[in-house]
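Engineer: Have a look at this one.
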Amino acid sequence: MSKLGDLGARLYRGEVGYDFVGKRFLWYGVSILITITAIVALAVQGLNMGIEFKGGAVFTTPKTAVSVAKVTEDAEKSSGHDAIVQQLGTGGMRIQISGLDTDSAAPVKKQLAADLKVTEAQINTDLVGPSWGEQIANKAWTGLAIFMVLVVIYLAIAFEWRMAVAALIALIHDLTITVGVYALVGFEVTPGTVIGLLTILGYSLYDTVVVFDGLKEGSKDITKQTRYTFSEIANRSINGTLVRSINTTVVALLPVAALLFIGGGFLGAGMLNDISLSLFVGLAAGAYSSIFIATPLVVDLKEREPAMKALKKRVLAKRAAAAAKGEDPEGDDSGAEGGPQVVAQGGQGRRRR
């Protein structure tokens with residue numbers, strides 16, 4: 001068995017484990033720091049909105065021997081605006097210039113044709129109005145709001161309202177970090193970015209629900225035993241699904257990393273960056289939040305209940321009494337009508353403690 005597989009088996013059996021819940025205030029601090037950094041970057045630098053949102057013109061040229069740097073310089077000189085130039089697989093250039101309308105695009109096209117030594121007819125021009133991007137943004141916000149509401153309703157019914165609140169906070173956390181990274185690195189925000197942002201919400205929610213499912217099963221009849229507190233059962237649930245979360249996240253990140261670093265970096269395929277960066281950051285943030293944010297938040301909310309407070313007192317009292325007698329504090333829970341189930345791997349392989 002591989003080392004990772006052996007670790008997973010030991011986590012599943014409860015032989016080893018990391019105290020994620022016990023160190024939750026450390027994770028909260030890290031997340032708050034990252035979130036503040038993202039918000040500051042967003043407020044100071046802002047987002048680099050693509051031409052689809054600002055409006056402008058896209059010129060597609062035939063094959064040319066002129067370098068990208070030279071074309072960029074000529075395009076910015078002739079238009080008076082910043083230009084984004086990408087070399088196409090055909091050898092031509094895609095020149096994107098924001099802030100141009102029909103009247104101002106014509107002289108720019110004429111000058112580009114002269115600089116590239118081609119005819120104007122050989123350069124294709126597409127004009128994009130800002131209203132189109134505004135419609136996309138409005139629909140994206142509407143879709144996001146509907147998605148959040150449905151998520152809260154579903155989780156409140158399938159689990160409980162505390163888990164719904166924790167999942168909602170984790171989703172907002174993931175979105176904020178992803179948008180903040182876009183502000184920091186200056187990547188363009190395009191419709192592809194919007195698609196990527198909406199995609200990571202589903203993945204982040206899936207990872208969170210897997211942990212919540214284990215917690216729900218593990219905390220069944222929790223008040224009928226005096227061996228574990230709610231926070232300890234939550235921590236065991238996280239450890240039981242930890243290897244699964246790592247495996248699914250790594251498998252999901254590998255193709256996205258190939259798009260981002262190989263396609264977008266080495267090959268210069270800038271259009272791939274639109275969706276790959278949001279997916280890469282969002283997937284990583286989603287895996288992090290499901291383990292370090294969502295479940296610890298549920299613990300904080302749940303342990304405010306009188307029943308959970310009373311359970312914790314009973315557990316600690318029993319352990320103190322066992323320690324005074326030199327007994328195993330996690331021995332048989334006499335008098336308990338069955339204990340909580342500890343579930344690993346999303347509800348599979350249940351065993352009773």
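Engineer: First compute the accessible area of the stretch 153-242 with a 1.4 Å probe, then give the percent of it belonging to carbon and sulfur atoms.
Structural biologist: Numbers: 2070 of 2970 Å².
Using a 1.4 Å probe with all protein chains present, the stretch 153-242 comes out at 70 percent carbon and sulfur.
Engineer: While we're here: Straight distance only, please: which lysines reach the Cα of LYS309 with their own Cα at less than 21 Å, same-chain residues fewer than 8 apart left out?
Structural biologist: The reachable lysines, counting only those whose Cα sits under 21 Å from LYS309, are LYS23, LYS216, LYS220, LYS224, LYS318.
Engineer: Note the full-extension length gain between ILE262 and VAL250 as 0.36 nm times their separation in residues minus their Cα-Cα distance, in nm to one decimal.
Structural biologist: Numbers: separation 12, 0.36 × 12 = 4.32 nm, distance 1.68 nm.
Extra length from ILE262 to VAL250 when fully extended: 2.6 nm.
Engineer: Let me ask something else. Which cross-chain or sequence-distant (5 or more) residues have an amide H under 5 Å from the amide H of MET93, H modelled 1.01 Å from N in plane?
Structural biologist: Answer set, sorted by chain and number: THR61, LEU88.
Engineer: To continue, here is another question. Counting C-alpha atoms alone, how compact is the stretch 152-195: give Rg to one decimal and Dmax as a whole number, in angstrom.
Structural biologist: My reading of the Cα-based Rg and Dmax gives 14.3, 40 Å.
Engineer: Follow-up. Just need the relative contact order of the stretch 112-231 here, percent rounded to a whole number, with Cα pairs under 8 Å and 6+ apart. If you can, show how the numbers build up before the last one.
Structural biologist: Working: 38 pairs, mean separation 21.8, N = 120.
Reported relative contact order: 18 percent.
Engineer: Please give the Cα centre distance for the stretch 302-323 versus the stretch 116-173, rounded to the nearest Å.
Structural biologist: 45 Å
Engineer: Convert each backbone phi in the stretch 99-114 into a coupling constant with the Karplus relation 6.51 cos²θ - 1.76 cosθ + 1.60 (shift: θ = phi - 60°), then list the ³J(HN,Hα) values in order as whole Hz, x for Gly and Pro.
Structural biologist: Ordered by residue, 3J(HN,Hα) equals x, 9, 10, 4, 5, 6, 6, 4, x, 5, 4, 4, 5, 5, 4, 5 Hz.
Engineer: So if each residue of separation counts as 0.36 nm, and I subtract the Cα-Cα distance between ILE195 and ILE146, what length gain in nm does that give? Please report the intermediate quantities before stating the final value.
Structural biologist: Details: separation 49, 0.36 × 49 = 17.64 nm, distance 1.55 nm.
That pair, ILE195 and ILE146, stretches by 16.1 nm at full extension.
Engineer: Further question: Name the long-range amide H neighbours of LEU100: under 5 Å, sequence gap of 5 or more, or other chain; modelled H, no Pro or chain starts.
Structural biologist: Answer set, sorted by chain and number: GLY56, ALA57.
Engineer: How would you order 143-150, 103-110 from highest to lowest mean count of nearby Cβ atoms within 10 Å? Display every interim value, and only then the final one.
Structural biologist: Numbers: 143-150: 12.6, 103-110: 15.5.
For the peptides 143-150, 103-110, the packing ranking is 103-110, 143-150.
Engineer: When the scattering of the stretch 186-324 is computed by the Debye formula from its Cα atoms alone, each counted once and equally, what is log10 I(q)/I(0) at q = 0.10, 0.11, 0.20 Å⁻¹?
Structural biologist: Scattering profile of the stretch 186-324, log10 relative to I(0): -0.47, -0.54, -1.08.
Engineer: How many nm separate the modelled label positions at LYS63 and GLU76, each set 7 Å beyond the Cα in the direction of the Cβ?
Structural biologist: Here the modelled spin labels are 2.9 nm apart.
Engineer: Also, quick follow-up: So what are the ³J(HN,Hα) numbers for the stretch 302-312, from phi and the Karplus equation (6.51, -1.76, 1.60; θ = phi - 60°), rounded to whole Hz, Gly and Pro as x?
Structural biologist: Couplings: 5, 6, 7, 5, x, 5, 6, 5, 5, 4, 4 Hz.
Engineer: Further question: Expressed as a fraction of 2.2 N^0.38 Å, the rule-of-thumb size for a compact globular protein of N residues, what is the C-alpha radius of gyration of the stretch 47-107?
Structural biologist: Working: Rg = 11.4 Å, N = 61, 2.2 N^0.38 = 10.5 Å.
So the stretch 47-107 has a normalised radius of gyration of 1.09.
Engineer: What are the ³J(HN,Hα) values, in whole Hz, obtained from phi via the Karplus relation 6.51 cos²θ - 1.76 cosθ + 1.60 with θ = phi - 60°, for each residue of the stretch 178-189 in sequence order, with x given for Gly and Pro?
Structural biologist: 4, 5, x, 5, 4, 5, 5, 8, x, 5, 5, 9
Engineer: Let me ask another. Around GLN87, under 14 Å between beta carbons, what's the net of Lys plus Arg minus Asp minus Glu among the other residues? Mind dumping the intermediate values first?
Structural biologist: Details: positive: LYS63, LYS70, ARG94; negative: none.
The answer is +3.
Engineer: Number of Lys-Lys pairs in the stretch 76-209 under 17 Å by Cα, sequence gap 8 or more or different chains?
Structural biologist: Details: LYS77/LYS109; LYS77/LYS110; LYS77/LYS117; LYS109/LYS117.
Count of close lysine pairs: 4.
Engineer: Sticking with this one: Between ASP103 and ILE136, what FRET efficiency follows from the Cβ-Cβ distance if R0 is 25 Å, with the result rounded to 0.05?
Structural biologist: Working: r = 25 Å, r/R0 = 1.00.
Calculated value: 0.50.
Engineer: Now, a different point. Work out how far the C-alpha atoms of the stretch 73-204 reach from end to end along every principal axis, then list the three figures in whole Å, largest first.
Structural biologist: Sorted largest first, the three principal extents are 67, 26, 26 Å.
The values are calculated or read from the model by the stated rules, or taken from the named source; none is laboratory data. All of these numbers come straight from a predicted model, not from anything done at the bench. Methodologically, a virtual Cβ is constructed for each residue, glycine included, from the backbone with ideal geometry; neighbour enumeration extends over all protein chains shown. Calculation scope for accessible area: heavy atoms of the full protein, side chains included, ligands and nucleic acids excluded. Shrake-Rupley method; radii C 1.70, N 1.55, O 1.52, S 1.80 Å.
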